[in-house]
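This report refers to the structure that appears directly beneath it.
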């Protein structure tokens with residue numbers, strides 16, 4: 001175990017501090033907080049800027065270096081706690097396998113030292129939502145209703161860090177219902193609905209209260225900004241509904257995009273462009289004026305755009321989940337683009353299947369495209385095969401929890417595809433559960449091949 005922790009530490013130390021002096025405006029926000037003790041008008045919430053303001057006081061070095069060392073320490077601490085809990089619950093082999101996956105180069109560990117709120121949010125999200133799932137799905141949880149207080153604090157902090165917390169908490173309710181249904185089918189510890197429903201009602205009341213408090217006291221523009229993003233998505237991916245002047249201006253902007261970027265805007269990744277400035281070219285007033293008419297006129301086309309986003313984004317998301325793909329240097333951390341739709345073999349494969357191939361040039365002129373496609377398909381099979389296998393094994397001792405996390409991840413992924421675009425940063429909090437399932441799947445395969453029949457504290 002010591003060796004794996006040293007490998008994890010060495011990997012974290014190999015990553016540089018964030019070179020952007022003000023990523024997404026968080027440093028400017030933090031400086032404003034530290035010097036004025038007031039909240040500026042911003043599309044960001046103050047949770048991570050407050051964290052940066054505190055970290056900046058630890059030493060006179062640049063804030064990026066302070067953040068690097070603090071988040072590195074948090075990553076090591078959280079990995080150690082997770083390993084200890086897994087060792088106790090699932091056995092030392094699963095715990096060691098999960099730690100080995102985390103210690104390998106991966107998007108999760110790379111993002112853990114980046115000066116953005118994603119890693120800090122993940123470190124808080126997992127214990128809070130795991131504890132909520134345990135509390136709701138247990139017949140008689142220790143502490144009873146007293147757990148509502150730490151849940152309230154945790155949800156308040158999470159909402160102050162990222163506005164998607166409100167959506168995640170609302171999606172948690174149907175996910176908990178699915179988990180409760182799965183738990184009721186467990187003959188060893190069935191969960192009565194009369195126990196589950198009061199807890200769900202109390203949790204919903206606490207979550208709404210925390211959202212209202214953050215929205216009233218801490219939000220100076222984040223909710224308004226994020227509420228406009230789905231409107232841009234509707235306008236970009238749907239054709240006009242009339243000949244209104246605002247419609248004509250938007251279509252003219254789309255024509256300029258084709259001239260600037262060399263392809264239709266509908267074929268590019270949503271709001272991720274090389275040259276095109278969408279907030280300038282597509283004025284918010286025009287977007288607000290036409291989005292509802294477009295959606296009402298073309299609802300089926302909008303649903304098709306959601307499916308298309310999932311289809312084109314599945315491989316980009318899959319390759320960031322676990323370190324089976326030794327191509328981390330090819331995965332941008334912040335600005336992930338779709339391949340240009342230029343008719344090349346790589347472009348044809350991508351827009352037909354979502355698979356990305358032939359990314360590292362130059363390839364030999366005779367390099368077979370079929371070989372690259374086969375490699376990508378095998379990567380997808382390896383990812384989903386181990387994930388499904390691990391979830392199947394985990395569902396035996398914890399059916400409610402597995403159903404809860406699978407439902408929550410699926411609903412949140414669908415929501416992001418429908419309102420924005422699927423992105424590994426949004427789904428970073430779900431990567432540690434994926435690692436657990438992968439570890440359980442690998443351990444099951446190894447024991448099955450070895451014919452292991454031993455006894456002891458091993459759960460899998």
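The values are calculated or read from the model by the stated rules, or taken from the named source; none is laboratory data. Since this is a predicted model, take the numbers as computed values, not measurements. As a convention, Cβ positions derive from the backbone with ideal geometry for all residues, glycine included, and neighbour counts pool all protein chains shown.
Key figures
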| quantity | calculated |
| --- | --- |
| Tabulated pairs, region 375-402, first on the phi > 0 side of the Ramachandran plot and in a loop (DSSP other than H, G, I, E, B), second surrounded by fewer than 21 Cβ atoms within 10 Å (Cβ to Cβ) and at pLDDT 90 or above, C-beta under 7 angstrom, 6+ apart or interchain | none |
| Only listed residue being part of a helix (DSSP H, G or I) and under 19 Å from the mean Cα position of the chain (by Cα), chosen from 146, 158, 177, 93 | 158 |
| So residue 203, is it in contact (Cβ under 8 Å) with a residue 60 or more places away in the chain, buried (at least 16 other Cβ atoms within 10 Å of the Cβ) and under 30 Å from residue 137 (Cβ atoms) | yes |
| Residue in region 3-10 that is surrounded by 15 or more Cβ atoms within 10 Å (Cβ to Cβ), part of a loop (DSSP other than H, G, I, E, B) and in contact (Cβ under 8 Å) with a residue 40 or more places away in the chain present | no |
| Selected residue [surrounded by fewer than 19 Cβ atoms within 10 Å (Cβ to Cβ) and assigned to a helix (DSSP H, G or I)] from 235, 214, 229 | 229 |
| Residues being in a helix (DSSP H, G or I) and either without any contact (Cβ under 8 Å) to a residue 60 or more places away in the chain or surrounded by fewer than 14 Cβ atoms within 10 Å (Cβ to Cβ) (or both) - total across region 341-358 | 8 |
| Any hit, region 279-298, residues being closer than 22 Å to residue 342 by Cα and free of Cβ contacts under 8 Å to residues at least 12 places away in the same chain | no |
| Leading residue by the ranking (surrounded by the fewest Cβ atoms within 10 Å (Cβ to Cβ)) among those in region 140-177 that are in contact (Cβ under 8 Å) with a residue 40 or more places away in the chain and over 26 Å from residue 217 (Cα atoms) | 145 |
| Among the candidates 403, 446, 410, 418, residue that is exposed (fewer than 15 other Cβ atoms within 10 Å of the Cβ), in contact with a helix residue (DSSP H, G or I) (Cβ under 9 Å, 6 or more places away or on another chain), more than 22 Å from residue 161 (Cβ to Cβ) and modelled with pLDDT of 95 or more | 410 |
| Residues within region 21-47 that are closer than 14 Å to residue 160 by Cβ and part of a loop (DSSP other than H, G, I, E, B), tallied | 5 |
| Some residue of region 183-197 being closer than 24 Å to residue 429 by Cβ, outside any loop (DSSP other than H, G, I, E, B) and out of contact with any helix residue (DSSP H, G or I) (no Cβ under 6 Å at 6 or more places or on another chain) | no |
| The lone exception for residue 137 - which of (1) crowded, with 16+ Cβ neighbours inside 10 Å; (2) closer than 17 Å to residue 200 by Cβ; (3) at pLDDT 95 or above it fails | (3) |
